[in-house]
Amino acid sequence: MTPDEYDYIVVGSGAGGAAATYRLTRSGKRVLLLEKGARLPRSGITLDSRRVLREGEFKSREVWLDGKGRRFMPEEYFNLGGKTKWYGAALARFGEDEFLPDAARGFLPWPFDYDEMNPYYAQAGALLGVHQFNIEPDLQKILARLMQRNSGWRSAPLTLALSPEIINYPEELTHFDGFASPRGLKGDAESRLLARVEDLPNLDIVTETSVTGLLPDAANATIITGVRCADGRTYRAQAVLLAAGALHSPRLLARHLCVTGLEKKLPNADLVGRFYKHHLLTAVLAFGPHVFTDKLRKTVLLLHRDLPHSSVQPLGGWVDREIVALETPRLLPGSLKRALGERVYGFFLQTEDGSDARNRVVAEGENTPPRLDYDAARLPAAVAEHRALVRRFQFALFRSGLLPVAKGIGLAGSAHSCGTLVTGADPRRAVVDPHGRVYGMQNLYVVDGSVLPRISRVNPALTICAWSLRVAHYLEPGGEPHEDKIAGLHTVRT
């Protein structure tokens, strides 16, 4: 290996990229982590609601087209740590049944069962500092009203990757959901994974570097020799791990298949970018007659017995107050906005949307932006359940003495983007094999949410991290896959 060649190049530093980087670096391998964005400042401006929410200062400005050719900008973040720096730190495991297929709902099969992922869930939870917080008084009262009279609602603890020390910093405690912690009090990919290894001599982290292409071996395009960056630099490695996210990793692979002619040779080439999913999402603001004083809020998951693929969680901190301030007309007096904000409790409703091959990411052309063709109507069972979820939850809030206002989260809300390079046991029906390698490619792996066959009813970040730790384990010296065990599971699943 030459001095400028690495064992592994990891493209992207979010949940999956950082987890793989952490484990491979710890194993002694020489690793290069490439991140399109920069490190976030620690001056406190990432807690400024005007700059973060109203102006969107830290969001990507990349323009996309939807399925009808309309321009929009997905709410993506390019910075060290990826989206984990911004979103709400709620990290829950998928249920055992959520590793099973259901063709009627568009739920694809995992190539293994929950037991295979279980030890990596435990590792991910320990590394990220996942734990429970006490339920605060206002939320306790709301829950008591919601769950009375055999309503069908029940609550479960929602585990969070937040430092217990956050309670000593009120500004961070009330601004963690949708904001980045300047003190590192959120269990994000940078603070909890990369910080553990970034000083090791066998890891190089290069930020503000956009990867634009994969370098093929001159004699065999199924072998990747490195990556090409937008500034003209190239980096070489024995293997490459894609972790740029479900909107971006498939574009890199699609470009490679196109320029090398592999798109006509690989049986799964047409699946690249397909099966995009991102939950059906609705935000509900519940207004009450009294001031709410809870600060953390995001401590429980609400489930309904008749809606098995849906969940409700409170919005974290005081992000609901910030939303009220931003969404109400500017002509309203500030005192009235503050009064409304003090009397609102926000909730986030999500339903697993399933997979449809027509829902897809299409890489950009020479003169056209990338395209995200997604239509929830292609998954009617999920749409029906989500409508029932919103309706029932609003009714339950109203019966509890609160006035609910709902707003759907559209295509731009890409926080939970998954699919697009789905894993599976059959190379004719999946892009990535059970151990993270792209079918038909000899040394290209995927360790982000692109691989997820299902998205569950909870946030996918913990599962992405667990998947990545599992892939990295198999890439370590002596960490060969248990082929006999996986093969048996394949037989069951197919």
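Just so it is clear, none of the values below were taken in a lab; they were calculated from the coordinates. Fair warning: this is a prediction, and the values are worked out from it, not measured in the lab. Please note: Cβ atoms are built from the backbone with ideal geometry, for glycine as well, and neighbour counts cover all protein chains shown.
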What is the order of THR282, THR25, fewest Cβ neighbours within 10 Å to most? THR282, THR25
Segment 15-26 - phi-based ³J(HN,Hα) in whole Hz, Karplus 6.51/-1.76/1.60, Gly and Pro as x: 3, x, x, 5, 5, 5, 4, 4, 6, 5, 5, 4
In Hz, Karplus ³J(HN,Hα) per residue of segment 199-209 (6.51, -1.76, 1.60; θ = phi - 60°; x = Gly, Pro): 8, 6, x, 8, 10, 10, 10, 10, 9, 6, 9
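Answer rounded, prolate or oblate for segment 1-142, using the Cα gyration tensor with square roots of eigenvalues a ≥ b ≥ c: rounded when a/c is under 1.5, else prolate when a/b is larger than b/c, else oblate. Walk me through the numbers on the way to the answer.
Numbers: a/c = 1.26, a/b = 1.01, b/c = 1.24.
Taking the square roots of the gyration eigenvalues as a ≥ b ≥ c, segment 1-142 is rounded.
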Mind sorting out which of [x] 22.1, 71; [y] 26.0, 90; [z] 23.7, 80 is the real Rg and Dmax of the Cα atoms in Å computed from the coordinates? [x]
Taking the Cα atoms of segment 96-153 alone, what are Rg (to one decimal) and Dmax (as a whole number) in Å? 17.7, 43
Taking H placed 1.01 Å from N in the peptide plane, check which residues at least 5 places from VAL10 or on another chain put their amide H under 5 Å from its amide H. LEU32, LEU33, LEU34, LEU241
For TYR276, TYR87, order by how many other beta-carbon atoms lie within 10 Å, fewest first: TYR87, TYR276
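Hey, what D do you get for segment 1-48 in µm²/s if you plug the Kirkwood alpha-carbon radius into Stokes-Einstein at 4 °C and 1.567 mPa s?
Numbers: Rh = 12.4 Å.
Translational D for this selection: 105 µm²/s.
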Among rounded, prolate and oblate, which fits segment 205-280 when a ≥ b ≥ c are the square roots of the eigenvalues of its C-alpha gyration tensor, a/c under 1.5 means rounded, and a/b larger than b/c means prolate? oblate
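Counting only DSSP beta bridges with both residues in the chain, what percent are antiparallel, rounded to the nearest 5?
Numbers: 48 of 69 bridges.
Here the antiparallel bridges make up roughly 70 percent for the chain.
Fewest to most neighbouring Cβ within 10 Å: what's the order for CYS418, CYS229, CYS258?
Values: CYS418 27, CYS229 17, CYS258 14.
In increasing order of surrounding Cβ atoms, one gets CYS258, CYS229, CYS418.
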Distance between the C-alpha centers of segment 71-130 and segment 248-324? Whole Å please. 10
Starting from the Cα gyration tensor of segment 230-378, take the square roots of the eigenvalues, sort them a ≥ b ≥ c, and report rounded, prolate or oblate (rounded when a/c is under 1.5, otherwise prolate if a/b is larger than b/c, else oblate). prolate
